[in-house]
Amino acid sequence: MHDQLPSAARPKPAPGLFWNPYLQIFLVVLLTAVAQVLLKIGADFSPAHDSLWSWLGLTELGSWWTWLGILAFVTSFGGWLYALRFVPLGLAFALTNGVHIFVPIGSWLFLGEHIGLLRGSGILIIIAGILLLTQSVARVEEKV
Amino acid sequence: MSLTAWIVVIISQLALVAGQIFLKRAMSRREHGGKKARGWTGILAIGIVMMTVWFLLWLGLMPRIDLSKLMPFEGISPLLIVLGAAAFLHERLNWRGWAGVILTCCGVVLVSAS
């Protein structure tokens with residue numbers, strides 16, 4: 001939508017590095033990865049049941065880890081809405097795939113999960129894709 | 001995968017794409033201010049409802065279908081979003097952007113499949 005606007009009419013983010021929409025996307029990615037790891041820890045700390053509630057994920061709400069994970073998710077959603085004010089949706093959404101880099105790394109560091117060859121290769125391909133996307137962003141910024 | 005599972009997967013992906021497009025449209029309207037900003041909260045609410053539908057359908061699919069069959073759809077969602085944004089928001093990507101999206105999709109499928 002913004003791509004059609006003349007550069008002078010494009011919305012401008014607030015001054016300061018923190019309000020850079022691409023930094024916000026990076027924070028969204030980090031917070032989402034943290035949230036996923038916290039939710040997993042919360043699920044592991046929750047008592048195992050075979051009830052309907054456990055299938056709906058409600059027993060996990062008894063753990064503070066789960067609530068910290070939900071807080072991280074909600075905070076990341078705020079950053080996502082802010083970034084959408086300035087960055088094209090397709091580009092922004094593709095950049096959020098960085099979550100798939102940080103979740104395996106976080107799971108390896110904090111949960112002791114293994115990163116195999118297939119997963120490692122996938123992470124490298126995602127990094128290559130994100131590098132191309134950032135180059136694409138740089139080209140767009142140069143034109144503006 | 002059964003026919004029902006296919007239908008639910010397709011509806012969930014449509015809800016994800018539509019939800020993100022509504023969120024983007026709401027935030028763009030809000031940014032323009034003035035008359036154009038009118039109704040942005042309603043559009044935002046529709047986006048949030050769509051995202052909730054996607055989340056619940058996705059949660060419902062997880063115990064019923066092998067993750068290896070489900071995760072490729074997670075991988076193609078950025079591609080669907082780019083196509084949806086091109087169709088409904090008139091966004092355009094250069095070749096680097098397209099190559100980046102396709103690479104990240106392949107990477108996500110590999111990470112998820114592992």
Which one of these does B:GLU74 not meet: (1) more than 8 Å from chain A (Cβ to nearest Cβ); (2) in contact with a Cys (Cβ under 9 Å, 6 or more places away or on another chain)?
(2)
Which pairs turn up if I take residues in region A:89-109 that are more than 9 Å from every other protein chain (Cβ to nearest Cβ) and look for partners that are of a type in the set (Asp, Glu) and surrounded by fewer than 24 Cβ atoms within 10 Å (Cβ to Cβ) with beta carbon separation below 8 Å, at least 6 apart in sequence or on another chain?
A:SER107/A:GLU113
One residue from B:GLU31, B:GLU74, B:GLU91 being of a type in the set (Asp, Glu) and either closer than 15 Å to A:GLY90 by Cβ or not in a helix (DSSP H, G or I) (or both):
B:GLU91
Take B:GLY42 and tell me if it is out of contact with any Lys or Arg (no Cβ under 8 Å at 6 or more places or on another chain), more than 11 Å from every other protein chain (Cβ to nearest Cβ) and of a type in the set (Gly, Ala, Ser).
yes
Answer with yes or no whether A:LEU81 is closer than 27 Å to A:PHE18 by Cβ, facing another protein chain (nearest Cβ under 7 Å) and either without any contact (Cβ under 8 Å) to a residue 24 or more places away in the chain or under 15 Å from the mean Cα position of the chain (by Cα) (or both).
yes
Those residues of region A:110-134 which are more than 7 Å from every other protein chain (Cβ to nearest Cβ) and either without any contact (Cβ under 8 Å) to a residue 12 or more places away in the chain or under 25 Å from B:GLY97 (Cβ atoms) (or both) amount to A:GLY112, A:GLU113, A:HIS114, A:ILE115, A:LEU117, A:GLY120, A:LEU124, A:ILE127, A:LEU131, A:THR134
Residues that are surrounded by fewer than 16 Cβ atoms within 10 Å (Cβ to Cβ) and of a type outside the set (Phe, Trp, Tyr), drawn from region B:77-104:
B:LEU83, B:ALA86, B:ALA87, B:HIS90, B:ARG92, B:ASN94
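All of the numbers you see were taken from the coordinates with simple rules; none came from a lab. What you see is a predicted model, and the numbers here were worked out from it, not measured in a lab. Virtual Cβ from ideal backbone geometry, glycine too; neighbours counted across all protein chains shown.
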